[in-house]
Amino acid sequence: MVARRIGQLAIVAVALCALSAPALAQTKVLRWGDVVGGNHPSVEMITRVSAAAKAKSGGSLDIQSFPGGQLGGSRDMIEAVANGVQTMVTEGAANFGQWVPSISVVEAPYIWRNADHLVKTMNGPLGEEFNQQLVERRGMRILGTTYYGTRHLTTSRKEVKGVADMAGFKLRVPENDVFRAMAESWGARPTPMNFNELYLAASSSSST
């Protein structure tokens, strides 16, 4: 196993219909999903935001957390938000590339100097341009971005010390073109896979 310094960005997207004003004296329930679970910082963020929203709204805003892929995989939840079935989702920027192709570059490897560089860019004109395109093309709005940290290359058997060790290596990657291209540039054989299927795949040697 070897760590690679590749920044990960997650986008918190919300269906536009969820932004409409709720009726008086009614509790507005917002369903927020994420594929990661446990005590992952992304999930803890949802918990903190939910508590703050409930306190500041006097209990009229109830943000419910659904971590660990409870509402489906990455594509399932993005589609659900786009269709208004689910309210919010935290997902990697590249997974929105089917509607805004240019946003995929945000998750390309080695393009960010640090977390501040990434967040400043996404809070600036470029991030606003991505946001407007997503609103126009799919009716979703980017509420904010969060830095996941350094991406790691994890293997179950083979030790990887350099790019040469990746030749012909079967590697599970998220279901988008950016990560598939990254793996191919290393000489690996990428297998696009839903995050929720990773553990079983690794256990059965579908992914190494």
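A compact table of results
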{"quantity": "Relative packing of peptides 94-107, 175-188, 115-128 - highest average C-beta neighbours within 10 Å first", "calculated": "94-107, 175-188, 115-128"}
{"quantity": "Extension gain (nm, one decimal) between TRP99 and ARG157, 0.36 nm per residue minus Cα-Cα", "calculated": "17.2 nm"}
{"quantity": "All aspartates and glutamates inside 12 Å of LYS54 as judged from Cα atoms, apart from same-chain residues fewer than 8 positions distant", "calculated": "ASP62"}
{"quantity": "Spatially proximal lysines relative to LYS56 (Cα-Cα < 17 Å; intrachain offsets below 8 disregarded)", "calculated": "LYS28"}
{"quantity": "Ordering of 136-148, 68-80 by burial proxy (mean other Cβ atoms within 10 Å per residue, highest first)", "calculated": "68-80, 136-148"}
{"quantity": "Contour excess over end-to-end distance, with Cα ends at ARG189 and HIS117 and 0.36 nm allotted per residue", "calculated": "22.8 nm"}
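Only the coordinates and a few stated rules stand behind these numbers; no lab work does. It should be emphasised that the depicted structure is a prediction, and the values quoted were computed from it without experimental measurement. Every residue, glycine among them, receives a Cβ derived from its backbone with ideal geometry; neighbour counts consider all protein chains shown.
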